[in-house]
1. Charges at C-beta only: +1 for Lys and Arg, -1 for Asp and Glu. How large is the resulting dipole of segment A:2-211 about its Cα centre, in Debye rounded to 20?
2. For chain A, which span is the longest to avoid every loop-located (per DSSP) member of trypsin sites (Lys or Arg not before Pro) having at most 13 other Cβ atoms inside 10 Å?
3. How large is Rg over Rh for the protein assembly as shown, taking Rg from the Cα atoms and Rh as the Kirkwood inverse mean of 1/r across Cα pairs?
4. With labels modelled as points extended 7 Å from the Cα through the Cβ direction, what inter-label distance (nm, one decimal) is found for residue B:191 paired with residue B:68?
5. Please give the helix B:3-14 orientation as an angle from the longest Cα principal axis of chain B, in degrees from 0 to 90, rounded to the nearest 10.
6. For chain B, give the magnitude of the charge dipole about the Cα centre (Cβ charges: +1 Lys/Arg, -1 Asp/Glu; no others), in debye to the nearest 20.
7. Nearest 10 degrees is fine. How inclined is helix B:193-202 to the longest principal axis of chain B, computing both from alpha carbons?
8. Go through segment A:47-60 residue by residue and turn each phi into a ³J(HN,Hα) via Karplus (6.51, -1.76, 1.60, θ = phi - 60°); whole Hz please, and just put x for glycine and proline.
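Each reported figure results from applying straightforward, stated rules to the coordinates on display, with no laboratory input. Source: prediction; values computed, not measured. When we count neighbours, we look across all protein chains shown, and the Cβ atoms used for this are built from the backbone with ideal geometry, even at glycine.
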Amino acid sequence: MIEINNLSKSFGKLKVLNSVNLSCKQGECIALIGPNGCGKTTLIKSILGMVIPSEGTIKFKEEYISKNFEYRKHIGYMPQIGRYPDNMTIGQILEMIKEIRKSEEKLDEDLLHQFKLQALFNKRMSTLSGGTTQKVSATLAFLFNPDVLILDEPTAGLDPLASEILKEKIITEKQKGKLILITSHLLSELDDLITQIIFMQDGVVQFHKTIDDLKSSTGEERISKAIAKILKDRNNE
Amino acid sequence: MNRIIKFIVLDILKNKIVLVYTIILSILSWSVFSLEDNSTKGLLTLLNVILLTVPLVSVVFSTIYIYNSSEFIELLLSQPIKRSKIWWSLFFGLSASLLLSFFIGTGIPILFYAPSDVGVMMLLVGFFITTVFVAIAFLSSIITRDKAKGIGIAIMLWLFFALLFDGLILFILFQFADYPIEKMMVAVTAFNPIDLARILILLHLDVSAMMGYTGAIFKDFFGTSLGIVIAFFILLLWIIIPFWISLLKFKRKDL
């Protein structure tokens, strides 16, 4: 579904992505992990066309994404730090996006109800707490029933209850056979969601493995321990 | 109408600055015309006020507005919307709102007191100057990510076109007073939209008779209908070129 070929990106002298090759298929639930500043967000933004790669290509559903924008209607994106126009209210933001998209498909308003956002419809975005802003981002990402969900640190800033609601939602969508791409540096909360792991460091993909593969090759039951073990082995080499 | 433009225009109209701008223009225009019994004199006074305030407000307000829309732009970019469409919509939205306030503030009094050729020309020139400086604002805000720097560039550009350019021209004129450079001067005005606008209006007022030899050369060129067409075409280029460069840059911008 998403094919990334030789993708590189530099900001000035800083090389953030270094010939990344990845392939993600429908029905997978992939965790994109790695230390801060390893290029996770840049990779995601490249897929969304918000960052223009210096080199390499990205294909979405067999089509190159450069100079294309229609493909984005199949992607629900939840940014790490959602930035919204300050003087608009939650209700206005949702209305605006709905009106601009004018999607005929049925809207998925589960999260809207579960987060009880209707009660806050008249609140301006500038007055919202970080957690509430995240709830709005999550609602927007799932709203149009997209085939692909890209979630950048989805549970960061959410309270345990909201975070649980979101996780439930991710699991439901995963069961519908959607491709889900999650970045996080907190491993434990991902354990019960993901089927594959991509580990990045300094703009390079270190490995891309299925969970079963990872567990069997390291002999560890917990994902975090398995990754720690791989990293330790590499450092020792 | 494009839905994004609708949201931008509504957002700007809610903004009190545009309202204040309209009211100030309107107070200026009505008072200028009611002070002078001769509408030509009124137009002349108004011209000088317009050529200072309209570019300043257009360029500074637009630059700040574009910087403040970064969240809005980011939000739209993750949706299936073409990049250039977002930039175009911002341009249309900003221009339309500023043109509307110029029309309400200055256009209506002009059409009321001086519904002549010159009055209509003044209105047109005002429209062009507004849009030119909106386009310049797009250029100055895409050059740098730093908001303070961007606004600084916008103000410097305004200062250059509104004041410094004329100083430079005067300097050149005096330095080369012994040479026949009058014809060249006509070409030089093309590099300043404000001067172009001023000359277009001045030459259609009776005062142009008092402008001496250089004035006669200018009249020779700008007085003809071909000259007017060329002048407006150059003003149009002043809109297209800055905006086009900014559009190219925006298409390659990382957000």
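1. Its charge dipole is roughly 500 debye.
2. Working: sites that count: A:13, A:25, A:61, A:67, A:102, A:106, A:116, A:176, A:222.
By the stated rule (loop sites, at most 13 other Cβ atoms within 10 Å), A:117-175.
3. Numbers: Rg = 28.8 Å, Rh = 26.0 Å.
Rounded to two decimals, Rg over Rh is 1.11.
4. 3.5 nm
5. Computed tilt is about 70 degrees.
6. Numbers: 18 positive and 14 negative charges, 259 e Å.
The calculated dipole for chain B is roughly 1240 debye.
7. Tilt relative to chain B: about 40 degrees.
8. Each residue of segment A:47-60 in turn: 4, 7, x, 7, 10, 8, x, 6, 9, x, 10, 10, 10, 10 Hz.
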